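In what follows, a structure is listed as structure tokens, so that the remarks can point back to it.
The values are calculated or read from the model by the stated rules, or taken from the named source; none is laboratory data. Owing to the predicted nature of the structure, the values given are computational and were not obtained by experimental measurement. Glycine also receives a Cβ, built like all others from the backbone with ideal geometry; neighbour counts cover every protein chain displayed.
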Amino acid sequence: MGTLISVLVGLTLLNGFAYLVQPGMVFFPHSRLDTTPTDWGLDYEDVRLRTSDGVELHGWFIPRSGSQRVLLFFHGNAGNISHRGESVAVFHRLGLNVFILDYRGYGLSKGKPSEIGLYLDARTAWRHLIEKRGFQPSDIVVFGRSLGGAVAAKLASEERPGALILESSLSSARDVAGEMFPLLNRLVVLRFKLDAAQYVRDTHSPVLVLHSPDDEIIPFHLGRKLFDAAPAPKRFVKLRGGHNEGFILSQPDYERALGEFLQTRSGGSD
């Protein structure tokens, strides 16, 4: 009996510690903006929004002359919007306005990051595009990279954008934890779900999933799992290179694949 009690106490302490440290293992915000779109050679508008729970968010709207479509950009778990210049430039070249937002706790956005908070931030950005800028849902392309893939998939499961693009994204927090900590994953209660695979099952938009076999952070087979969960029409594209530089090392094929998908808004299952 004493051994059992010791085990239970140990598990309780372990889970208590894990609960406290998990936010620091998931979110890596950077508050200083190191560049602006002006440094990327692009015009932009500063945007300030307030969420339904009262958090002030900051983002940039980067116009593309003559375009009636917009990309809603959800970035990964580190840095902030000022570190996404190369990626924003790709979508701008492809003829899209771009609205990129910092989650709460990132960049100039107030508050602290949390899973529920990020989903609220995404809905706030969506409403801004619909209610303030007059875009139709079918003219909004939702894009998420890495952690942002879960945010994008969640939003697309609740709304109906013209297309959904998931790049180097996790299938769920549990899946990633199982890859990184196979034993602890069975013992610890996870604070975050980030269940992109579940969310994408409930989408009704064409889906493009891009992932690299060389991804050292989110394994390739989790990208395939995310793709398998998505309903048709959908397309899967293999990237080259690691987690953070795959979209760069995969050029010009990367940009060509995005352009083809955006033209058709479906990809045909691979």
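Some points to look at:
- Residue within region 238-252 that is touching a His at 6+ places or on another chain (Cβ under 8 Å) and among the hydrophobic types (A, V, I, L, M, F, W, C) present: yes
- Residue among L101, L94 that alone is closer than 29 Å to D253 by Cα and surrounded by 24 or more Cβ atoms within 10 Å (Cβ to Cβ): L101
- Count of residues meeting criterion [in a helix (DSSP H, G or I), surrounded by fewer than 24 Cβ atoms within 10 Å (Cβ to Cβ) and touching a residue at least 40 places away in the same chain (Cβ under 8 Å)] in region 127-154: 3
- Residue within region 181-201 that is assigned to a helix (DSSP H, G or I), polar (S, T, N, Q) and either more than 17 Å from P231 (Cα to Cα) or modelled with pLDDT of 85 or more (or both) present: yes
- Here G105 qualifies as farther than 13 Å from I140 by Cα and in contact with a Lys or Arg (Cβ under 7 Å, 6 or more places away or on another chain).
- Across region 109-135, the number of residues qualifying as out of contact with any Phe, Trp or Tyr (no Cβ under 9 Å at 6 or more places or on another chain), farther than 17 Å from I62 by Cα and aliphatic (A, V, I, L, M) comes to 2.
- Within region 26-68, restricting attention to residues that are under 15 Å from N80 (Cβ atoms) and among the hydroxyl-bearing types (S, T, Y), the residue that is modelled with the lowest pLDDT is S31.
- Those residues of region 251-270 which are small (G, A, S) and either at pLDDT 95 or above or in contact with a Cys (Cβ under 7 Å, 6 or more places away or on another chain) (or both), in sequence order: A257, G259
- The condition of being in a helix (DSSP H, G or I) and more than 21 Å from S171 (Cα to Cα) does not hold for G223.
- Search result, residues across region 42-91 that are small (G, A, S) and either more than 12 Å from G107 (Cβ to Cβ) or surrounded by fewer than 17 Cβ atoms within 10 Å (Cβ to Cβ) (or both): S52, G54, S65, G66, S67, G76, A78, G85, S87, A89
- Restricting attention to region 155-180, the residues being modelled with pLDDT of 95 or more and part of a helix (DSSP H, G or I) number 4.
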